[in-house]
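Here's the structure, in structure tokens; my notes come after.
The values are calculated or read from the model by the stated rules, or taken from the named source; none is laboratory data. In this text, all values refer to a predicted model and were calculated from it rather than measured experimentally. Quick reminder, even Gly has a Cβ in these numbers, built from the backbone with ideal geometry, and neighbours come from all protein chains shown. In case anyone asks, the SASA skips ligands and DNA or RNA and just uses the protein heavy atoms, side chains included. Shrake-Rupley method; radii C 1.70, N 1.55, O 1.52, S 1.80 Å.
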Amino acid sequence: MIYILWIPCYITLMIADIIPTKKLPRSLSALSYLVPENLSGQIKVGQLVTIPLRGSFTTGVVANLHSKRPPRHFTLKYLTSLASDKIVFTNQQIQLFSLLSKYYLSSASLFVHYSLPKILPSEWPLLPDQLASRRVSFRPRPPHYFWWATETDKYHHYQKLLLASGPGQVLIVVPKITDISALAAKLDLSSQKYLPVHSDLPRAAYFHAWLSALNNQKQIFIGTRSACFLPFSHLRLVIVDNEHSPDHKQYDLTPRYEVSQVCENNCRLHRAELIFSSPTPSLAGYYRFHPKSPKTNRHIELADLRYELENKNYTFLSDLLTNSIAKVLSDQKNVFLFLNKKGAARSNRCADCGHTFLCPTCSLPLVKQSDNRLACYYCQHFEDLPPFCPVCGGPNFQSLGLGTQKIATYLRRLYPSHSIAVLDSSTSNQNISESQIVVGTEFALDKIDWPKFGLVSLVNADELWYHSEFLSNERAYQTIISLLTRAPKNAKLIIQTFSPESALIRSLITNNPREFYQSELLFREKFRYPPFVSLVKISIQNHHSNTCQSQAKKLYQKLVSLHLPAELSEPFPIARQKIRGRFKYNLILKTKDLPSTLSALENLPSDILIDVNPQTLLD
């Protein structure tokens, strides 16, 4: 605990530990202040108070009250006043912030700042003076897993859980904002029966959700990861929907927390039941819970693209897929072709000198669009393709790779009498209701009227896992299952691949998911990746490349000197070199003793980024 120098400290006075709403260094979570005698009978844990800090005044939440003697050489400041006598945060929330701050090496002040609603003066009287004590008369089961095969199975199971939950509050955490209303509709919940919670809510709506959780005015809450921080007063059940989704991790802003970690701590503090749910458990979830896999009987046809090349078919449509498209269209059904790459080509270069067009912000290759514009979808940078090479002046360009727009252009020549649409994040406003063939990315999966489709195909399954990230196989498998789960029961399923013998493809063809999971676990264990070790990514950012590299090398030497119980990589630049105009270098720690490793890192400067359990190592 940090004590603030100022006036003599009288140990008989009450001391309040305050978590400020301003950002503190990662090693600080609470500051101690003396409580004025006139407030000693009014102050309570969970209230907001005004405190002096760094030459000005700010607010903070009362995290603890005590009369513990401070060290002799420290004296304390007095807190200034109560912002209100109302309770804003629960004891469980404050404990949660403390636990998460230690695990993610982020000050608890960040979680307070992230969660605190903006309260108007007229709204303060709506908050409670004190919280009713909650008697928990049941002992929840340990966290467990529900592995489902069809969305119908999922919705039936959720409805049973809601009916059996009894009195108390239920939280369902979904990956995306659009999932909230979709899930509520499938569960037949009217807007009066649940509260949506997400980061884009208007101020008044978020405060209403906060108040409803605090006063136990609503039973069911459906929200994205921000919903985990509501002040629940009678939390009984938490369901993490689509547990495998990367959207359950806040990966681009500090604090970089995971829904699974937050919910486990929350349920432990509230003695609530926790259920993880997914059609494709994360490898960590599979390894920990050993869930029973559901029975599936999908008939998937395989097109070996190596055989197509041997037979001089150099298009990206196998004979099997071409014939199947023609048959399905003649039956008045629609076709969906999946490729998780936007644009017409992945990179473009001068055929004369080899110059490649790169994004000026992140240095990734620019993607060619069908209108001859070049785009970077990371940075939203767009420019026209020039008529001549800016380096040698040559007029000859080569477009390399495959994208959704390139496939659509080819199909329009092949099927000129049919309507063909592209559906990805760059064409999100396109109306596809009258299209017979839709070419789309993962963006399209929850925007399609699936019963109309008689054929669903992956154009090139291999591009999903041909990446250097250790999670690429897992993400590829989850993406493919997400597509197959949505496909109509009687639709024809075709996967085109250059790797028909891979464990991933074999597990899909034989409807045996355990083959994939066991194969991937062997790979992870051999090369020391989760779930057999924990990963910590440490990053340095700077506007200048040489400075960034130099700082990363100095950090590496410092980490070596700490003798961490971990395997430490040397610093390396990220794949796209720059993010938001800054260069970035990463160092990776692999450890089987995460608490000791984190304890050794807690005094690193706050401008060094620390990501516990990162989703990517190369970004």
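Here are some notes:
- Scanning segment 433-451 for residues that are open to solvent by less than 30 Å² (accessible area, probe 1.4 Å) and not in a strand (DSSP E or B) yields Ser435, Thr441, Ala444, Leu445, Ile448, Trp450.
- Gln541 meets the conditions (1) under 15 Å from Leu601 (Cβ atoms); (2) of a type outside the set (D, E, K, R); (3) open to solvent by 10 Å² or more (accessible area, probe 1.4 Å) in every case but one. The failed one is (1).
- Top-ranked residue of segment 560-587 - restricted to ones that are on the phi < 0 side of the Ramachandran plot and free of Cβ contacts under 8 Å to residues at least 24 places away in the same chain, ranked as most open to solvent (accessible area, probe 1.4 Å): Glu570
- Scanning segment 492-514 for residues that are assigned to a strand (DSSP E or B), open to solvent by 10 Å² or more (accessible area, probe 1.4 Å) and within 18 Å of Pro279 (Cβ to Cβ) yields a single hit, Leu493.
- Selection count where residues are part of a loop (DSSP other than H, G, I, E, B) and open to solvent by less than 40 Å² (accessible area, probe 1.4 Å), scope segment 196-213: 2
- First in segment 363-379 and over 17 Å from Lys406 (Cα atoms) and modelled with pLDDT of 80 or more, second anywhere and of a type in the set (Gly, Ala, Ser) and surrounded by fewer than 18 Cβ atoms within 10 Å (Cβ to Cβ), Cβ under 9 Å, 6 or more apart: none
- Boolean, Asn216 is more than 22 Å from Ser107 (Cβ to Cβ) and surrounded by fewer than 23 Cβ atoms within 10 Å (Cβ to Cβ): yes
- When restricted to residues that are surrounded by 18 or more Cβ atoms within 10 Å (Cβ to Cβ) and touching a Leu at 6+ places or on another chain (Cβ under 8 Å), segment 63-77 contains 2.
- Subset tally (residues that are free of Cβ contacts under 8 Å to residues at least 60 places away in the same chain and out of contact with any Lys or Arg (no Cβ under 6 Å at 6 or more places or on another chain)) for segment 15-47: 15
- Against the list (1) under 20 Å from Leu598 (Cα atoms); (2) surrounded by 13 or more Cβ atoms within 10 Å (Cβ to Cβ), the condition Lys554 fails is (2).
- Exclusive hit being touching a helix residue (DSSP H, G or I) at 6+ places or on another chain (Cβ under 8 Å), open to solvent by less than 50 Å² (accessible area, probe 1.4 Å), among the hydrophobic types (A, V, I, L, M, F, W, C) and assigned to a loop (DSSP other than H, G, I, E, B), set Leu337, Leu317: Leu317
- If the condition is being in a strand (DSSP E or B) and surrounded by fewer than 18 Cβ atoms within 10 Å (Cβ to Cβ), then segment 589-619 contributes only Leu609.
- Selection within segment 10-49: residues that are in a strand (DSSP E or B) and not aliphatic (A, V, I, L, M). The member of this set that is farthest from the chain's Cα centre (by Cα) is Tyr33.
- Scanning segment 460-474 for residues that are modelled with pLDDT of 95 or more and either surrounded by fewer than 21 Cβ atoms within 10 Å (Cβ to Cβ) or not in a helix (DSSP H, G or I) (or both) yields a count of 0.
- Subset of segment 530-587 (residues that are of a type in the set (Gly, Ala, Ser) and in a loop (DSSP other than H, G, I, E, B)): Ser569, Gly581
- Some residue of segment 418-432 being assigned to a loop (DSSP other than H, G, I, E, B), of a type in the set (Val, Ile, Thr) and on the phi < 0 side of the Ramachandran plot: yes
- One residue from Leu48, Leu131, Leu82, Leu99 being open to solvent by 20 Å² or more (accessible area, probe 1.4 Å), at pLDDT 95 or above and more than 30 Å from Pro614 (Cβ to Cβ): Leu82
- Hits in segment 286-309 (condition: touching a His at 6+ places or on another chain (Cβ under 7 Å) and buried (at least 22 other Cβ atoms within 10 Å of the Cβ)): none
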